[in-house]
Amino acid sequence: MSAYLADPLEFPTKHPEGFPVLKGEPVFDPTKHLQIEMPDTIISLKEFGYSEEDIAQCPCDFGITNVFRILSDEGAQCMLEVARMLEPYVKSNARISRNVRGGAYQSKFLRDLCQSQELTEAVSKICGSPMLPHTIPHQLGHMNYNPKEVGENVDKWHVDTLRIDFVMFVTDPNSVVGGEFEYYLGTKEEVAELKKAGKPLDPVKIKAPVLPGPGYAVLQQGNMVVHRAKGLTEPGERITMVNGYVPRDVSFPDYTRFDQLYLVDPEHMAASEYMRHVSWMGRELLDGQLKGFEFSSDKAQMADNFEKLSQMMATAAEQLRKADEAKIEHFGDG
Ligand SMILES: [Fe+2]
């Protein structure tokens, strides 16, 4: 871990086409709408079965927390109102049949909640490492809505295209039948092998945290924890919100799966948002180098830093060029 902590990146000041701004929505007020209660149990990546080498590549060593509260009753009510206002903009992809991404451009309430300093501080404290709201706006405030068809899963088994995120219930999970959030207490490699062999997941390792109401969440290292959202077994309304974070320590390798984002986010935005995110990382890596300047004879270290930076840019360029060749990745329904 380097000592330098990156400065935040402002939300874009230019407004994209196709994302009309909501009118008449509630105004986010952290003093009224947040009621953060910290989780008391954290399941480590080690407990998921990850090796020391795997964990060393991650900004923190936790896998998932137990359920904790984020919103007050009033905050949850406002969040539900905003979620329903965004519902007409749902889109479909190969993994999720009804979701809204980019809602942070349309709703100031959602944007302010997702970028709230109090919430970011709580997330950082849980992670044991300073975090920032995700620098890709489409990774903020992702909303999932239950499919129209009863029984169809909201989202298939998968890992996320980012490192840290929370999954928060917007509707009351106890007002519906089914619709559980589940995670697998094993590694993503284990799940991939089971899928390849045509075998089902070990039912003993499937965990379904009990959420007491709307505004409650779990925080996870989403690219390491295989998870899914089950379908409702009776008609009802199930909405969740997922918010992403990036480590303030930009010396950790970026984990953006641009190839996957390009398949679900609008073409006129996905690449621009990714370019902006990688430019921010580059700026912060260089800034860290300049701000931490000291006379030194360690030219090998200086060369390493430049190689790391140029490697990151080269990888980003490759991701941009090859994005069209990808398919949406997931582990299916079983
Ligand atoms: Fe996810």
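We did not get these values from a lab; they are worked out from the coordinates using the rules stated. Fair warning: this is a prediction, and the values are worked out from it, not measured in the lab. Cβ coordinates were reconstructed from backbone atoms using ideal geometry, including for glycine residues, and neighbour counts include every protein chain displayed.
Which whole-number percent gives the relative contact order of region 176-303, counting Cα pairs below 8 Å spaced six or more residues apart?
Values: 81 pairs, mean separation 37.3, N = 128.
29 percent.
Ordered by the count of other Cβ atoms within 10 Å of each Cβ, fewest first, Thr13, Thr65 give Thr13, Thr65.
Here region 84-162 and region 1-62 have alpha carbon centers that stand 10 Å from each other.
In terms of surrounding Cβ atoms within a 10 Å radius of their Cβ, Trp280, Trp157 rank from fewest to most as Trp280, Trp157. One chain, two ends: Ser175 and Asp29. Fully extended at 0.36 nm per residue, the span grows by 49.9 nm beyond their Cα-Cα distance.
Highest mean first, how do 261-267, 46-52, 298-304, 181-187 rank when packing is the count of other Cβ atoms within 10 Å averaged over residues?
Values: 261-267: 18.6, 46-52: 15.4, 298-304: 9.6, 181-187: 20.4.
Result, highest mean first: 181-187, 261-267, 46-52, 298-304.
Rounded, prolate or oblate: which one fits region 60-154, using the alpha carbon gyration tensor with axes a ≥ b ≥ c (rounded when a/c is under 1.5, else prolate when a/b beats b/c, else oblate)?
On the way: a/c = 1.72, a/b = 1.46, b/c = 1.18.
Prolate, because a/c is 1.5 or more and a/b exceeds b/c.
Here the label points at Ala56 and Glu294, each 7 Å from Cα along the C-beta direction, are separated by 2.3 nm in the simple model. Gln35's amide H: which non-local residues (gap 5+, or another chain) put their own amide H closer than 5 Å, with H modeled 1.01 Å from N in plane and none for Pro or chain starts? Correct list: Leu71, Ser72.
Phi-derived couplings, Karplus 6.51 cos²θ - 1.76 cosθ + 1.60 at θ = phi - 60°, listed residue by residue for region 231-248: x, 7, 9, 9, x, x, 10, 10, 10, 10, 10, 10, 10, x, 9, 10, x, 6 Hz, with x used for Gly and Pro.
Backbone phi angles across region 319-325, fed through the Karplus curve with coefficients 6.51, -1.76 and 1.60 (θ = phi - 60°), yield HN-Hα couplings of 4, 5, 6, 9, 4, 5, 7 Hz in residue order; Gly and Pro are listed as x. For Ile239, the residues 5 or more places off, or on other chains, whose built amide H falls under 5 Å of its own are Val170, Thr171.
State the three equivalent ellipsoid semi-axes of region 30-249, derived from the C-alpha gyration tensor as the square roots of 5 times its eigenvalues, in descending order and whole Å. Walk me through the numbers on the way to the answer.
On the way: eigenvalues 124, 98, 49 Å².
Working from the Cα gyration tensor, I get semi-axes of 25, 22, 16 Å.
Once the Cβ-Cβ distance of Phe11 and Lys308 is raised to the sixth power relative to R0 = 22 Å, the FRET efficiency obtained is 0.20. Angle of helix 117-127 to the longest C-alpha principal axis of the chain, folded into 0 to 90 degrees and rounded to 10: 80°.
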